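Report on the following structure.
The values are calculated or read from the model by the stated rules, or taken from the named source; none is laboratory data. All values reported here derive from a predicted model rather than from experimental measurement. Here the Cβ is made from the backbone with ideal geometry for all residues, glycine too, and neighbour counts use every protein chain on show. To get the accessible areas, we keep the full protein, side chains included, count just its heavy atoms, and leave off ligands, DNA and RNA. Shrake-Rupley method; radii C 1.70, N 1.55, O 1.52, S 1.80 Å.
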Amino acid sequence: PEHEDVDAVCSLAGTWKGIDEAKVRELYQRAFEIDPHDTYALGSYLEHELPHNKGVVAATRPLLKLAVQRCQAQATAMVNLPWAYFDLGKFHLLMGDPYACLEAYCKAVSVSTAPFMIETSLASLERLGSVIEQYAGYRWAVRLLRLGLAARFPSPERTAQVEEMATRDVKPLKPNALIVAGGTHPRIEDRMKGYAKDLCTALEAFGGTVISGGTTQGISGLVGDAAQFHGGRFRTVGYLPKAILEAEPEDATPDDDKARYTEIRTTDGTEFSPLEPLQNWIDLLASGVLPSQVRVFGIGGGAIAGTEDRIAAAGGAHVGIIEGSGREAERIFTDAFWASVPTLLMLPADAHVMRAFADWGGPQMDEDLCERLAKAIHEEYRRERFEAGDPGDAAVAGWSSLAPELQESNRAQARHIPKKLEALGLAMTEAGAPMGRKVKFKKNQIERLARIEHGRWVVERLLDGWRKGDVKDLERKTNPSLAAWGELSDGVQDYDRQTVEKIPTFLRIIKRGIRPLKPGEPA
């Protein structure tokens, strides 16, 4: 056997699957004997031996530890992907480390380029179901892979499988959803309360569904506070283990006030676990909500919250980790894998950055109106640069010669003008309506809009791949101004003030004025 090729024997075993399972087991055992350190051989051997010998995991534990190291080395070197991560997930599960198992599977889902990759690993787990269903994390892992398969490679059949796991007899969730994940432990209660004002401000323009933990403590409690303060502007859905809902422990009080949580949904868990965030994603996909239509705030938190952030990022949702919130939320960026995921962003701890991130992708402006307004913004910028005698550069080119990314930046600023006006209780006049007198914003209005504009700009840049850096570098996409408002220089703040002060001018160029917003009228 020592002269045989491990991969060849494993491949031969695969040809007998569904035909002669005894032969499959025999061949995988032979591959394992040839090289017990080969991760493919070890994983396949355990998968087919475990149903017949439950003690095999304990007997091979030293080999499992070495296999974990080997898989991690392969992943670091970016070889044997996604299989190194899938193997890593299985080995962590068998060794009794369920959170490491989920993280490995999240990475595997994220880098899978075809559905068969996830399907193969899911089948491997489900084949062992009757043997390891009591292992901590087995149910989490199976649900994660089913969920990841439907999120990354949607099809009617995969969606139907997710629907079978969805919460029964509830209203469907809708697009424009925001998940708020974070700390709820009593010992960090005071620290989490420090985010109360920022979270309330972040949600003042949000009109979708907010999903969180459903307790009165920690981040979940702050979501309830914000919902109550904003008087039902958005729907709130909380997820709790059924045992917690029935027991109502002092440190995890279910928030059953309808003014705070519109609805509480339960899992069959006996304590808080990744089952709750997995279930909210199952319900979202079963409702037809795509990961691209979901935003996630990661604010501190422990292992469960950290897993929630990773599940969302693996599926393709945009995850905003609040800078300085600590614990598992920020630890995610110490891992080079997650730090390279483009939908995982570090958000400055700024209420208006959070507001822009939560409300990004809301109602869109008519394309023709947006284009005319974007051109007006750019022409006004060019006029000022020329009057100031600034040297010409790519940013002052005529509209038709302007770089596409700069054109889109102007469009993004144009689309956001109705949201800024709404914050002041105002709206644009309709096409053909009298423009009325030219509006001039008051100083406090300019200050508020400047902060909102800075938040919008930060999120726009972060979504375009920019990151905070010590200097502005166009090639590396770094900028020191990707920071909280209070960290900006007076000059940068003044630039935002001047920009929003010109909104009435931009609108008049395209024959639009400003009027009061009618009660109940959308922006």
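Per-structure values
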| item | result |
| --- | --- |
| Single residue of ALA22, ALA75, ALA31, ALA41 found to be under 31 Å from the mean Cα position of the chain (by Cα) and at negative phi | ALA75 |
| Residue within segment 351-359 that is without any contact (Cβ under 8 Å) to a residue 24 or more places away in the chain, surrounded by 15 or more Cβ atoms within 10 Å (Cβ to Cβ) and within 30 Å of VAL210 (Cα to Cα) present | no |
| GLY148 within 19 Å of the chain's Cα centre (by Cα) and open to solvent by less than 10 Å² (accessible area, probe 1.4 Å) | yes |
| Any hit, segment 423-437, residues being touching a residue at least 24 places away in the same chain (Cβ under 8 Å), under 23 Å from ASP359 (Cα atoms) and assigned to a helix (DSSP H, G or I) | yes |
| Top-ranked residue in segment 463-498 [being farther than 15 Å from MET346 by Cβ and β-branched (Val, Ile, Thr); ranked as most open to solvent (accessible area, probe 1.4 Å)] | VAL471 |
| Residues located in segment 237-281, provided they are of a type in the set (Asp, Glu), closer than 18 Å to ALA227 by Cβ and under 26 Å from the mean Cα position of the chain (by Cα) | ASP255, GLU263 |
| Candidate set from segment 5-55 (those that are touching a Leu at 6+ places or on another chain (Cβ under 8 Å) and open to solvent by 50 Å² or more (accessible area, probe 1.4 Å)); member that is farthest from LEU88 (Cα to Cα) | TRP16 |
| Members of segment 368-407 that are open to solvent by 30 Å² or more (accessible area, probe 1.4 Å) and either under 30 Å from LYS518 (Cα atoms) or touching a strand residue (DSSP E or B) at 6+ places or on another chain (Cβ under 6 Å) (or both) | ASP368, GLU371, ARG372, LYS375 |
| Residue within segment 168-183 that is within 28 Å of LYS107 (Cβ to Cβ), open to solvent by 20 Å² or more (accessible area, probe 1.4 Å) and modelled with pLDDT of 95 or more present | no |
| Residue list for segment 473-523, restricted to those being farther than 21 Å from PRO434 by Cβ, among the hydroxyl-bearing types (Ser, Thr, Tyr) and outside any loop (DSSP other than H, G, I, E, B) | THR478, TYR495, THR499 |
| Of the criteria (1) open to solvent by less than 10 Å² (accessible area, probe 1.4 Å); (2) over 28 Å from CYS106 (Cα atoms), which one ILE219 fails | (2) |
| Pick from segment 250-284, criterion basic (Lys, Arg) and touching a residue at least 24 places away in the same chain (Cβ under 8 Å), ranking: most open to solvent (accessible area, probe 1.4 Å) | ARG260 |
| Cross-chain or 6+ apart pairs with Cβ under 8 Å, segment 111-128 first and over 16 Å from GLY43 (Cα atoms) and of a type in the set (S, T, N, Q), then assigned to a helix (DSSP H, G or I) and open to solvent by 40 Å² or more (accessible area, probe 1.4 Å) | SER112/ARG152 |
| Members of segment 288-326 found to be assigned to a loop (DSSP other than H, G, I, E, B), more than 11 Å from the chain's Cα centre (by Cα) and either surrounded by fewer than 24 Cβ atoms within 10 Å (Cβ to Cβ) or among the aliphatic types (A, V, I, L, M) (or both), listed by number | GLY288, VAL289, LEU290, GLY302, GLU323, GLY324, GLY326 |
| GLN134 being in contact (Cβ under 8 Å) with a residue 12 or more places away in the chain and surrounded by fewer than 19 Cβ atoms within 10 Å (Cβ to Cβ) | no |
| Selection count where residues are farther than 16 Å from THR253 by Cα, part of a helix (DSSP H, G or I) and out of contact with any His (no Cβ under 9 Å at 6 or more places or on another chain), scope segment 199-219 | 1 |
| The one condition in (1) in a helix (DSSP H, G or I); (2) buried (at least 17 other Cβ atoms within 10 Å of the Cβ) that ASN444 fails to fulfil | (2) |
| Residues that are open to solvent by less than 30 Å² (accessible area, probe 1.4 Å) and either touching a helix residue (DSSP H, G or I) at 6+ places or on another chain (Cβ under 8 Å) or not small (Gly, Ala, Ser) (or both), drawn from segment 222-243 | LEU222, VAL223, ALA226, PHE234, THR236, VAL237, GLY238, TYR239, LEU240, PRO241 |
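Quick grid of which residues meet (1) farther than 30 Å from ASP335 by Cβ; (2) not hydroxyl-bearing (Ser, Thr, Tyr):
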| site | (1), (2) |
| --- | --- |
| LYS17 | yes, yes |
| GLN29 | yes, yes |
| PHE32 | yes, yes |
| TYR40 | no, no |
| GLU47 | no, yes |
| HIS52 | yes, yes |
| VAL57 | no, yes |
| GLN72 | no, yes |
